[in-house]
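**Student:** Provided herewith is a single structure, encoded as structure tokens, for subsequent inquiry.
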Amino acid sequence: MAQKRAFITGIAGQDAGHLAQLLHEKGYEVFGTLRGQLEASHPRYQAIKNEMPYVNIVLADLLDISALTRAMQEIKPDEVYNLGAISHVGYSFRDPLLTADLTAKGVLNVLEAIRLAGLEKTTRFYQASTSEMYGGLDYNRPEKGYTESSAFHPRSPYGVAKLYGYWITKNYRESYDMFAVSGILFNHEGERRGPEFVTRKISQAVAAIKLGKQDKIELGNLDAKRDWGYAGDYVEGMWRMLQQDTPDDYVLATGEAHSIREFTELAFKEIGIDISWQGEAENEVGVDQDGVVRVAINPEFYRPAEVDFLLGDPTRAENELGWQRKVDFPGLVKLMVEHDLTAKQ
Ligand code: NAP
Ligand code: F7E
């Protein structure tokens, strides 16, 4: 049988790294997009090649439908994973127009590129949808967690843009009989997570504190809760969604929610520091056993509208895809801190 071809947008991202490795291990020929006027000698290009020599790099911006169409015509992928996006919720408030162009319309560009290349009946399409589409408000929050049929109420330009991506994917499935699905993924983290996201910001800071390179960390809202899993587990679920007989959308989550405060406490425990909390709101601090301030609040990290609580119910993915996460919450914190301690030596 011919080797299967997978095309991943946004190859430099967290999930793309885990997914490329998984697909390579499964025997796929892997193609991934980088953006920018990069030559093969460019450090950014080289960094990807050094880490993932098996990835064929395609220079294509999600805004450039001609580059995407050319890539589809030449590669004729069996599976397309659309992971490229502006993915930072806080940043999406600062640049909502670019977020709409990329995170919303970028999805349509990839779907149209598949159609323009005449591949809509053969190429399977995965869209990286998100728990941010639910919004976490009290009125629509199911007790056991959000499911595939819960109501949406996005709370950021990112969430709104992702909702467009979700619906246009469904629309192409219904209109053109495409195998096009959304994975509605709750937060997933790990050693490849960007430092602008709270878990990696904490694990890197804790490692730097342990090594005497930093005194404290500044955070925003400590009491928001997230359903945090490990990215390496979630890419397996993405792949499984594209191997089904019929296309459908699935939630991937752990079914447990924890606060940023809990993540912070556990991360500090990994280096032998017990954090206790003093003060309130913007004046709250986290101090160590010797009374040294290790955590402070900086309102700069608050968002104009916050998602206070996200909990997902992965029952359907577990039953129909046979998907199961392996790493639990304490395991995730440990894995990230241990990785950053070694990396920062
Ligand atoms: P990530 O690390 O931020 O990766 C996103 C990638 O998109 C980056 O490599 C980025 O490239 C690329 N990108 C940005 N602008 C682009 C453009 N104009 N053209 C082409 N590529 C562009 O995100 P992730 O955590 O791996 O998440 C992957 C996808 O899943 C994203 O769509 C995200 O919104 C979604 N998602 C993530 C989570 C999560 O918890 N991680 C949960 C649900 C959904 P540069 O490196 O050049 O900036
Ligand atoms: O924030 C709070 C912040 O930026 C988590 C993306 O992958 O998951 C991710 O979005 C929580 C929020 O991730 C800081 O207010 C406190 O309540 O790590 P985050 P996110 O917004 O949940 C979803 C599912 C996606 O789809 C997205 O692509 O942490 N928080 N203090 C902070 N957040 C950040 N970034 N920095 C802080 O200092």
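**Student:** Name the residues in segment 183-227 that are more than 9 Å from ligand 2 (Cβ to nearest atom) and either small (Gly, Ala, Ser) or open to solvent by less than 10 Å² (accessible area, probe 1.4 Å) (or both), would you?
**Tutor:** The answer is Gly183, Ile184, Gly190, Ser203, Ala205, Val206, Ala207, Ala208, Gly212.
**Student:** I need a count of the residues in segment 1-46 that are part of a strand (DSSP E or B), closer than 21 Å to Gly190 by Cβ and more than 11 Å from ligand 1 (Cβ to nearest atom).
**Tutor:** 2
**Student:** Given the criterion farther than 24 Å from His18 by Cβ and either touching a His at 6+ places or on another chain (Cβ under 6 Å) or open to solvent by 60 Å² or more (accessible area, probe 1.4 Å) (or both), identify the matching residue among Ala281, Ala305, Ala296.
**Tutor:** Result of the check over Ala281, Ala305, Ala296: Ala281.
**Student:** Sticking with this one: State whether the residues of segment 65-81 include one that is within 12 Å of ligand 1 (Cβ to nearest atom), part of a loop (DSSP other than H, G, I, E, B) and of a type in the set (Gly, Ala, Ser). Walk me through it before giving the result.
**Tutor:** Step one: filter segment 65-81 for residues within 12 Å of ligand 1 (Cβ to nearest atom), giving 65, 67-68, 71, 81.
Of the ones still in play, those that are also part of a loop (DSSP other than H, G, I, E, B) are none.
Checking segment 65-81: not a single residue is within 12 Å of ligand 1 (Cβ to nearest atom), part of a loop (DSSP other than H, G, I, E, B) and of a type in the set (Gly, Ala, Ser).
**Student:** Still on this structure, I have one more. Filter segment 319-345 down to residues that are open to solvent by less than 60 Å² (accessible area, probe 1.4 Å) and assigned to a helix (DSSP H, G or I), then give me how many there are.
**Tutor:** 10
**Student:** I'm checking my understanding of the structure. Among residues of segment 295-311 that are part of a loop (DSSP other than H, G, I, E, B) and of a type outside the set (D, E, K, R), which one is nearest to ligand 1 (Cβ to nearest atom)?
**Tutor:** Filtering segment 295-311 down to residues part of a loop (DSSP other than H, G, I, E, B) leaves 298, 302-308, 310-311.
This time we only want the ones that are of a type outside the set (D, E, K, R), so: 298, 302, 304-305, 307, 310-311.
Details: Asn298: 22, Tyr302: 20, Pro304: 19, Ala305: 18, Val307: 12, Leu310: 10, Leu311: 14 Å.
Checked segment 295-311; the qualifying residue nearest to ligand 1 (Cβ to nearest atom) is Leu310.
**Student:** From the list Ser150, Ser129, Ser182, which one is touching a residue at least 12 places away in the same chain (Cβ under 8 Å), touching a Pro at 6+ places or on another chain (Cβ under 9 Å), of a type in the set (S, T, N, Q) and not in a helix (DSSP H, G or I)?
**Tutor:** Values: Ser129 fails: touching a Pro at 6+ places or on another chain (Cβ under 9 Å); Ser182 fails: touching a Pro at 6+ places or on another chain (Cβ under 9 Å).
Just a single option satisfies the conditions, and that option is Ser150.
**Student:** Continuing with the same structure: Can you tell me which condition Arg115 does not meet? The list is (1) more than 30 Å from Gly220 (Cβ to Cβ); (2) open to solvent by less than 60 Å² (accessible area, probe 1.4 Å), and all the others hold.
**Tutor:** Failed condition: (2).
**Student:** Quick check on segment 258-270: of everything there that is touching a helix residue (DSSP H, G or I) at 6+ places or on another chain (Cβ under 7 Å), open to solvent by less than 20 Å² (accessible area, probe 1.4 Å) and not aromatic (Phe, Trp, Tyr), which residue is nearest to ligand 1 (Cβ to nearest atom)? Working first, answer last.
**Tutor:** Restricting attention to segment 258-270, the residues satisfying the condition of being touching a helix residue (DSSP H, G or I) at 6+ places or on another chain (Cβ under 7 Å) are 258, 260, 263-264, 266-268, 270.
From the residues that got through so far, the ones that are open to solvent by less than 20 Å² (accessible area, probe 1.4 Å) too are 260, 263-264, 267-268.
Those still in the list that are not aromatic (Phe, Trp, Tyr) too: 260, 264, 267.
Values: Ile260: 14, Thr264: 18, Ala267: 18 Å.
The residue in question is Ile260.
**Student:** Continuing with the same structure: I need every pair where a residue in segment 295-319 that is over 28 Å from Val206 (Cα atoms) has its Cβ under 7 Å from the Cβ of a residue that is open to solvent by 60 Å² or more (accessible area, probe 1.4 Å), sequence separation at least 6 or different chains.
**Tutor:** That search, which allows pairs on different chains as well, returns Asp313/Lys144; Glu318/Gln324.
**Student:** Condition first: farther than 21 Å from Gln73 by Cβ and loosely packed, with under 13 Cβ neighbours inside 10 Å. Now tell me which residues in segment 1-25 satisfy that.
**Tutor:** Correct list: Met1, Glu25.
**Student:** Here is a follow-up. Give just the number: which of (1) more than 18 Å from Arg316 (Cα to Cα); (2) in contact with a helix residue (DSSP H, G or I) (Cβ under 6 Å, 6 or more places away or on another chain); (3) of a type in the set (A, V, I, L, M, F, W, C) does Phe179 not satisfy?
**Tutor:** (2)
**Student:** Looking only at segment 42-55, count every residue that is surrounded by 14 or more Cβ atoms within 10 Å (Cβ to Cβ), out of contact with any helix residue (DSSP H, G or I) (no Cβ under 6 Å at 6 or more places or on another chain) and touching a residue at least 24 places away in the same chain (Cβ under 8 Å) and tell me the total.
**Tutor:** 1
**Student:** Tell me, which residue of segment 153-179 that is among the polar types (S, T, N, Q) and in contact (Cβ under 8 Å) with a residue 60 or more places away in the chain is nearest to ligand 2 (Cβ to nearest atom)? Show your work before the answer.
**Tutor:** Residues of segment 153-179 among the polar types (S, T, N, Q): 156, 169, 171, 175.
Restricting the remaining residues to those that are in contact (Cβ under 8 Å) with a residue 60 or more places away in the chain gives 156, 169.
Numbers: Ser156: 8, Thr169: 15 Å.
Looking at the filtered set, the residue picked out is Ser156.
The values are calculated or read from the model by the stated rules, or taken from the named source; none is laboratory data. Please read these numbers as outputs of a predicted model, since none were measured by experiment. Positions of Cβ are backbone-derived with ideal geometry, glycine not excepted, and every protein chain shown enters the neighbour counts. To get the accessible areas, we keep the full protein, side chains included, count just its heavy atoms, and leave off ligands, DNA and RNA. Shrake-Rupley method; radii C 1.70, N 1.55, O 1.52, S 1.80 Å.
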